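Shown next, in structure tokens, is the structure this report addresses.
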Amino acid sequence: MQTSVGIRERIDHVYPSLRPAERSVAQYVRDHLDESAALTVGQLAEKAEVSQPTVIRFARKLGFGGYRELRYVLRHPQSEKRMTFDPLEGFDLNPWDGVETVPAKAVNGAKSLLDDLASALDQGALRRAVTMIAEAKTIDILGVENSLVPATDLFTKLSYLGLTCRLNADAYLQQIGTGHLTQDDVAVAFSYSGSSADTVKALRLAKAQGAHTVAVTNSLGAPIENWADVSLHTGHSKRTIYGNAIFSRVAQATLVDMLYMGVILSDYGRFSTELDRSGKIIADREFVSKTSRAKSGRAKSGRAKS
């Protein structure tokens with residue numbers, strides 16, 4: 001089997017540097033590859049007559065993260081040849097990981113994206129984008145697939161501030177909409193790669209109509225920037241579609257928050273008033289249980305009698 005040869009080669013390569021106890025594990029695994037694949041760390045330690053920590057150290061000296069990873073490769077002969085493939089590029093996720101490791105991995109991955117955003121963002125560009133949005137007559141918000149998440153978030157936040165916004169989930173309607181913008185309007189386009197054909201076309205149409213244009217992308221020098229008055233970068237590099245692009249909403253959503261807070265600060269009196277007005281409009285939409293209503297009624301009755 002290809003993996004068996006691969007494991008033996010690894011063992012032969014590191015064998016001279018192993019301690020005597022680790023060599024006992026190496027010898028057992030090398031001579032019993034198929035049997036070793038079925039053993040737990042404790043069972044292998046017993047077979048090799050060593051401690052469990054010794055087995056773990058041996059696995060790490062072979063280049064694995066631990067015994068779980070070594071055992072996975074032993075049980076799946078085809079996997080070692082694909083070890084260099086990273087299905088979640090930029091994130092430490094392996095097929096031998098347990099679900100219990102996911103929370104820490106997801107949090108660390110999000111932190112790395114936010115750190116990348118912080119170092120890539122141009123403060124001057126952010127200021128110009130905020131001004132364009134705050135002063136626009138109409139704001140067209142663009143994005144497809146995963147980029148619809150931050151696009152929808154921006155649409156919601158700006159609507160609460162009383163600004164006239166438009167968001168169509170259909171890419172054709174996005175292009176029709178931008179084709180009717182004017183110089184008093186602004187188009188904000190989200191595209192992680194900066195090369196989504198539909199989003200690039202929509203922003204190009206907006207630019208042709210004389211509207212102000214903002215591109216939110218992770219790729220410096222991406223095609224969409226050719227038609228952007230302002231480019232806001234959420235990171236430094238382009239990743240594959242199966243990698244960080246899937247998680248791009250983390251940095252994009254944070255950038256949306258920056259735009260939202262920036263617009264409020266551009267005219268605090270105006271936008272805080274509009275936000276309060278929006279809150280009052282939907283105040284009656286909060287679900288209140290019968291028990292809560294009854295308690296509220298009794299409280300009001302008590303205050304009236306007093």
Exercise. So which of K111/K157; K157/K290; K137/K280 end up more than 28 Å apart by C-alpha?
Worked result: K157/K290
Seminar exercise, completed: Of every hundred units of 1.4 Å-probe accessible area on segment 5-82, the number belonging to carbon and sulfur atoms, as a percent, is 47 percent
Seminar exercise, completed: Going residue by residue through segment 128-134, the Karplus relation 6.51 cos²θ - 1.76 cosθ + 1.60 with θ = phi - 60° gives ³J(HN,Hα) values, rounded to whole Hz and with x marking Gly or Pro, of 5, 5, 4, 4, 4, 5, 5
Exercise. So, in Å, what gap is there between the alpha-carbon centers of segment 126-164 and segment 12-38?
Worked result: 60 Å
Problem set entry | Burial order of peptide ranges 134-140, 179-185 (average beta-carbon count within 10 Å, highest first) | 134-140, 179-185
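How high is the relative contact order of segment 5-82? Use alpha-carbon pairs under 8 Å, at least six apart in sequence, and give a whole percent. Mind dumping the intermediate values first?
On the way: 66 pairs, mean separation 23.5, N = 78.
Normalised by residue count, the contact order of segment 5-82 is 30 percent.
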Exercise. Quick one: net charge of L167's neighbours, Cβ under 15 Å, K/R +1, D/E -1?
Worked result: -4
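The values are calculated or read from the model by the stated rules, or taken from the named source; none is laboratory data. For clarity, every value in this text was computed on a predicted model and none was experimentally measured. Cβ: placed from backbone, ideal geometry, glycine included. Neighbour counts: every protein chain shown. Surface accessibility is based on the protein's heavy atoms, side chains included, excluding ligands, DNA and RNA. Shrake-Rupley method; radii C 1.70, N 1.55, O 1.52, S 1.80 Å.
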